[in-house]
Amino acid sequence: MFHRLMILLLLFFCICLFATTHENTDIAQSASADRVFPKVRGELHRGDYKQFIDEKRQRLQEEPQNSALRLDLARDELLSGNIEEARANLRLLLSDPQTESEATWQTGLIHYLYGEYATAEKYFSALKQAAPHYLKSKIGLLYVYYQTGQYARARYLFTDEQRASLSQSNDALVSLMHAYGEDKPYRTEWYAEKAVLPFISMNHLPIVSVRVNGYPINVFIDTGADLFVLKSDMATKLGLKPLASFTGTYAGGKTAEIGYSRLQALNLGDVTLHDVPVDIAEFPDSWVFTDETTGEKIEVNGILSTGVFRQFLTTLDYPQRQLILNKRQGERKSAAGITHSAATSIPFILDGTHFLIVRGEINGKAGMTFFLDSGLDDPQASILLQQGALDYAGIRLDRQQSYIPDNSKGGLGGGGFEITRLKIDSVALGPLKQRDLTGLYGVLPEVLYYTDSGILLDGFISHQFLKHYKWTLDFDAMMMMFE
């Protein structure tokens, strides 16, 4: 039986990094001008795009000087997650006046995905005001400055007219960054070589204790959120005031209002982060955690998220029930770093503000793209899938396994949407393979079928898959290690 769906589906799903699925046509409309899709975009799956790519590659062999065709192929390669193939085609388009603008913007985007922010900034800064992709590149710069903590540099990015054309969420992000003035976010103060926070409970999701402005609270861990999230009544208790707000979309496409604010100090054991940007949100009354050994109710007032984990070399050690925070490579006195000799290393990209994207397979179907979102609170389900992924993997819905959670059992936006349980033969990330799993369909709204940069997103892998590993996130090497 479904326990409760507590997934924070990317607090910033609607922050359009460089292309949103509903605003941008350069990536979203990746078909050739002479193609009429047999299905609308939301119904296309990876097999459809593979067919398009094969056709365009064949045509390009016959027409190697066809820049429009090469650009169209690069769009489809990026959409399919074939990032290196996209980059190879874009490299040949950077000097063509007809394709230079988009090729420059998309090349900057690719460097952003790889966490190569200095190079991404170079490409985004290269476009002149008259270039068709100038504003998109300015939004790209906004996100480069966001990821690198250079909030002050966002102050002069947009004119009033340009800012008026931004999405609500992008405008809210600009307001948050402006509010910092010359201050840098996430200033780190260490009291030891590393910080270790034991899980005080792990009843479907791990919970740790932290201090916010000196006040102790319990938080659950969720890589599906970007900024540290604070429950609204706790924010009121701490005297935090919203600096900006926007409407977020969550499980089942439901919406809720989110406010940005600034926390003076977040203490994580032997390390403290100062001037921490936070989200303020209403938590559903049903979000009550129960200790799996004592049955005691645990009050939870926050969410510890990827925005915080990016500041560290972070390890979620599920078997040993602890969160380990080490200094990132640039902060360490020794260049030797930290080794994981027994680990399986898997590369990832960071899409949007916090999408941890990896390639994997379902039921032997390779080349699929997943967001590793640890925050699905379900006693059985390991993965959330969208319709196209079901079609591609040959998984059929059994409506007898469907149900509708009420508003007390949904995500931040509530319930009221149909969910179907799925039998999954296998899910694999590289050599990591698990069999006989349960999946869910109906949780992901169509706007989340593609990432912020336009990459096809087949599904979300979550806690029931991840809980078997010691999982390390290295944002310097852009590698995940699983032991």
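The values are calculated or read from the model by the stated rules, or taken from the named source; none is laboratory data. Everything numeric here is computed off the predicted structure, so don't read it as measured data. Methodologically, a virtual Cβ is constructed for each residue, glycine included, from the backbone with ideal geometry; neighbour enumeration extends over all protein chains shown.
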Whether any residue in the range 39-59 is in a loop (DSSP other than H, G, I, E, B) and modelled with pLDDT under 55 is what I want to check. yes
List every residue pair whose Cβ atoms sit under 7 Å apart, with the two residues 6 or more apart in sequence or on different chains, where the first one lies in the range 42-67 and is without any contact (Cβ under 8 Å) to a residue 60 or more places away in the chain and more than 27 Å from ALA389 (Cα to Cα) and the second, anywhere, is outside any helix (DSSP H, G or I) and of a type outside the set (D, E, K, R). LEU60/ASN66; SER67/LEU93; SER67/GLN98; SER67/THR99
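So which of GLY239, GLY252, GLY248 is surrounded by fewer than 22 Cβ atoms within 10 Å (Cβ to Cβ) and either over 23 Å from LEU372 (Cα atoms) or modelled with pLDDT under 85 (or both)?
Values: GLY252 fails: surrounded by fewer than 22 Cβ atoms within 10 Å (Cβ to Cβ); GLY248 fails: surrounded by fewer than 22 Cβ atoms within 10 Å (Cβ to Cβ).
From the options GLY239, GLY252, GLY248, the qualifying one is GLY239.
If you go through the range 175-191 one residue at a time, how many are hydrophobic (A, V, I, L, M, F, W, C), crowded, with 17+ Cβ neighbours inside 10 Å and touching a strand residue (DSSP E or B) at 6+ places or on another chain (Cβ under 8 Å)?
So the count comes out to 1.
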Anything in the range 362-388 that is more than 19 Å from the chain's Cα centre (by Cα) and over 20 Å from LEU304 (Cα atoms)? List them, or say none. ILE362, ASN363, GLY364, LYS365, ALA366, PRO379, GLN380, ALA381, GLN387, GLY388
The one condition LEU323 fails out of (1) within 19 Å of the chain's Cα centre (by Cα); (2) surrounded by 22 or more Cβ atoms within 10 Å (Cβ to Cβ); (3) not small (Gly, Ala, Ser) is (1)
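Restricted to the range 143-170, and to residues that are in contact with a Leu (Cβ under 9 Å, 6 or more places away or on another chain) and aromatic (Phe, Trp, Tyr), which residue is farthest from PHE309 (Cα to Cα)?
Restricting attention to the range 143-170, the residues satisfying the condition of being in contact with a Leu (Cβ under 9 Å, 6 or more places away or on another chain) are 143, 145-147, 151, 153-154, 157-158, 162-163, 165-166, 170.
Those left that are additionally aromatic (Phe, Trp, Tyr): 143, 145-146, 151, 158.
Details: TYR143: 17, TYR145: 17, TYR146: 15, TYR151: 18, PHE158: 29 Å.
Once the filter is applied, the top-ranked residue is PHE158.
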Please identify the pairs in which a residue from the range 299-324 that is touching a residue at least 24 places away in the same chain (Cβ under 8 Å) and under 12 Å from ILE221 (Cβ atoms) has its Cβ atom under 6 Å from the Cβ atom of a residue that is basic (Lys, Arg) and in a strand (DSSP E or B), counting only partners at least 6 apart or on another chain. ASP317/LYS470
Please go through the range 76-87 and give me each residue that is closer than 21 Å to SER101 by Cβ, surrounded by 21 or more Cβ atoms within 10 Å (Cβ to Cβ) and in contact (Cβ under 8 Å) with a residue 60 or more places away in the chain, ordered by number. LEU78, LEU79
If you take the residues of the range 261-296 that are closer than 28 Å to VAL174 by Cα and among the charged types (D, E, K, R), which of them is surrounded by the most Cβ atoms within 10 Å (Cβ to Cβ)? ASP279
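It is to be established whether one or more residues within the range 313-331 are in the same structural domain as VAL196 (by TED's automatic domain parsing) and at pLDDT below 85.
Of the residues in the range 313-331, the ones in the same structural domain as VAL196 (by TED's automatic domain parsing) are 313-331.
Among the residues that remain, those that are also at pLDDT below 85 are: 330-331.
Yes, the range 313-331 contains at least one residue that is in the same structural domain as VAL196 (by TED's automatic domain parsing) and at pLDDT below 85.
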Mind telling me which of the residues LEU73, LEU141, LEU113, LEU60 ends up being touching a helix residue (DSSP H, G or I) at 6+ places or on another chain (Cβ under 9 Å), among the aliphatic types (A, V, I, L, M) and over 23 Å from ILE349 (Cβ atoms)? LEU60
If you scan the range 132-173, which residues turn out to be touching a residue at least 60 places away in the same chain (Cβ under 8 Å), more than 21 Å from ALA103 (Cα to Cα) and surrounded by 15 or more Cβ atoms within 10 Å (Cβ to Cβ)? TYR146, GLN147, SER167, SER169, ASN170, ASP171, ALA172, LEU173
Flag for PHE220 being over 30 Å from ILE461 (Cβ atoms) and outside any helix (DSSP H, G or I): no
Considering only residues that are over 30 Å from ILE207 (Cβ atoms) and either at pLDDT 95 or above or part of a helix (DSSP H, G or I) (or both), which ones fall in the range 375-394? GLN387, GLY388, ALA389, LEU390, ASP391, TYR392, ALA393
Could you run through the range 434-475 and say how many residues are over 14 Å from PHE370 (Cα atoms) and among the β-branched types (Val, Ile, Thr)? 4
Report yes if SER175 is over 20 Å from SER305 (Cα atoms), modelled with pLDDT under 95 and in a helix (DSSP H, G or I), otherwise no. yes
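The rows are residues; the columns are (1) of a type in the set (A, V, I, L, M, F, W, C); (2) modelled with pLDDT under 90; (3) under 24 Å from GLU282 (Cβ atoms).
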position: ILE404; (1), (2), (3): yes, yes, yes
position: SER408; (1), (2), (3): no, yes, yes
position: LEU412; (1), (2), (3): yes, yes, yes
position: GLY415; (1), (2), (3): no, yes, yes
position: LEU422; (1), (2), (3): yes, no, no
position: ALA428; (1), (2), (3): yes, no, no
position: LYS433; (1), (2), (3): no, no, no
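Residue-wise test of (1) assigned to a strand (DSSP E or B); (2) surrounded by fewer than 19 Cβ atoms within 10 Å (Cβ to Cβ); (3) of a type in the set (D, E, K, R); (4) modelled with pLDDT of 95 or more.
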{"position": "VAL443", "(1), (2), (3), (4)": "no, no, no, no"}
{"position": "VAL447", "(1), (2), (3), (4)": "no, yes, no, no"}
{"position": "ASP452", "(1), (2), (3), (4)": "no, no, yes, no"}
{"position": "PHE460", "(1), (2), (3), (4)": "yes, no, no, yes"}
{"position": "PHE465", "(1), (2), (3), (4)": "no, no, no, yes"}
{"position": "HIS468", "(1), (2), (3), (4)": "no, yes, no, yes"}
{"position": "THR472", "(1), (2), (3), (4)": "yes, no, no, yes"}
{"position": "ASP476", "(1), (2), (3), (4)": "no, yes, yes, yes"}
{"position": "MET481", "(1), (2), (3), (4)": "yes, no, no, yes"}
Only one of (1) out of contact with any Asp or Glu (no Cβ under 8 Å at 6 or more places or on another chain); (2) within 25 Å of LEU313 (Cβ to Cβ) fails for LYS433. Which number is that? (2)
Please determine, by comparing only the residues of the range 376-386 that are touching a helix residue (DSSP H, G or I) at 6+ places or on another chain (Cβ under 7 Å) and of a type in the set (S, T, N, Q), which one is surrounded by the fewest Cβ atoms within 10 Å (Cβ to Cβ). GLN380
